[in-house]
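Below is one structure, written out as structure tokens; the observations come after it.
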Amino acid sequence: MESINETLKRKINKKSSEKVVLKKVDQRFMKLVKPLELSDAEIAYNLSSFEDTLTELDNCKKCPGLSKCKNHLQGYVYYPQKGGSKVSFNYIPCKHQKKYEEDMQNKDANMELLKARMKDIDVTDKSRVTLIKWLKSFYDNYDITKTNKGLYLHGTFGSGKTFLLAALLNELADKKKVNYEIVYFPELLRILKDNFTLLDSKIRYYSTVEILLIDDIGAEKVSDWGRDEILGTILQSRMNHHLTTFFTSNLNIDELERHLSLSKNSEDIVKARRIIERVKQLTIDMELISINRRK
């Protein structure tokens, strides 16, 4: 004869199985569960957690930002992950939280760049000797009334390319009252895409500022608009007015040309080459291969 506990367990399992069958009709539910490759019993066991995840994902769809987050843990989504044969639920950051963390990291990095001075440059690294000599010569001989070519500085990730150029620019600003701007190129494209009202003023400013450093070119997702309308316009204006322009990149000039030629919709070698010719007109090509100083 079946015990009361066994009867209750059988009824609960039956009810759970019926719920799973009903849930399998829900495409959103199946999109969440299918990649985990779980049995019906495992789905039934975690059913309430899956429902919590779907509720939080619904909150995220309508969420304007962190301050309006309706999830249990602000900025995070309760989400399933499979490790081995078991499924677990963890809090993973949403897009707004990721953006916040990225902004904080960029703020710290920007503070470091603002403080950089030539006296802070590590002169013991032999791989930097040629570059340091060039920076000192540029500083000593800079004259706004003359054409001063910048650098296309490329090389290994984390080798200090941006820091070295920022140190030069800060020194010029302090001692020679030079106006300069450092723009992280992938972020510029994101900002302009999100807010087209800034387009004209931003392009005008970057086209005319005395010295411009375009940081991490080649890290952006290539589009015809970003390459031709934004980058091309800025570089053409700076070239016409003989304005000093610097670039940093993890790509050498040939790799950058290949990168710029491949947009989402087409391969356009001619337009990429046109950008590269402007870069070559504005800069001297230099490579920096060094240790990763970000570790």
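The values are calculated or read from the model by the stated rules, or taken from the named source; none is laboratory data. It should be emphasised that the depicted structure is a prediction, and the values quoted were computed from it without experimental measurement. Cβ placement follows ideal geometry from the backbone for every residue including glycine, while neighbour counts extend to all protein chains displayed. Protein only, heavy atoms only, side chains kept; ligands, DNA and RNA dropped before computing areas. Shrake-Rupley method; radii C 1.70, N 1.55, O 1.52, S 1.80 Å.
One residue is enough: does the stretch 232-253 have a residue meeting the conditions of a type outside the set (A, V, I, L, M), within 27 Å of Leu114 (Cβ to Cβ), part of a helix (DSSP H, G or I) and out of contact with any Ser or Thr (no Cβ under 7 Å at 6 or more places or on another chain)? No, the stretch 232-253 has no match at all. So in the stretch 61-93, with the set limited to residues that are within 18 Å of Lys31 (Cα to Cα), of a type outside the set (A, V, I, L, M) and open to solvent by less than 40 Å² (accessible area, probe 1.4 Å), which one is farthest from the chain's Cα centre (by Cα)? So, considering only residues that are within 18 Å of Lys31 (Cα to Cα), of a type outside the set (A, V, I, L, M) and open to solvent by less than 40 Å² (accessible area, probe 1.4 Å), the one farthest from the chain's Cα centre (by Cα) is Phe89. Looking at the stretch 121-217, the strands (runs of 3 or more DSSP E) lying wholly inside it that each contain 1 or more residues that are within 17 Å of Met286 (Cβ to Cβ), in contact (Cβ under 8 Å) with a residue 12 or more places away in the chain and of a type outside the set (Phe, Trp, Tyr) sit at 150-155, 211-215. Pairing each residue of the stretch 23-40 that is touching a residue at least 24 places away in the same chain (Cβ under 8 Å) with any residue that is among the polar types (S, T, N, Q), provided the two are 6+ apart or on different chains, yields C-beta distances under 7 Å for Leu32/Thr53. The single residue among Gln97, Gln105 that is under 30 Å from Val183 (Cα atoms), touching a Gly at 6+ places or on another chain (Cβ under 8 Å) and either part of a helix (DSSP H, G or I) or modelled with pLDDT of 90 or more (or both) turns out to be Gln97. In the stretch 156-170, the qualifying residues are those that are surrounded by 19 or more Cβ atoms within 10 Å (Cβ to Cβ) and at pLDDT below 90, and the one that is farthest from Ile203 (Cα to Cα) is Ser159. Screening the candidates Lys161, Lys193 for the property of being of a type outside the set (Asp, Glu) and within 22 Å of Leu114 (Cβ to Cβ) yields one hit, Lys161.
In the set (1) in a helix (DSSP H, G or I); (2) in contact (Cβ under 8 Å) with a residue 24 or more places away in the chain, Val77 fails one condition alone, (1). Is one or more of the residues making up the stretch 171-186 closer than 27 Å to Asp254 by Cα, touching a Lys or Arg at 6+ places or on another chain (Cβ under 8 Å) and either of a type in the set (A, V, I, L, M) or open to solvent by less than 20 Å² (accessible area, probe 1.4 Å) (or both)? No - not one qualifying residue is present in the stretch 171-186.
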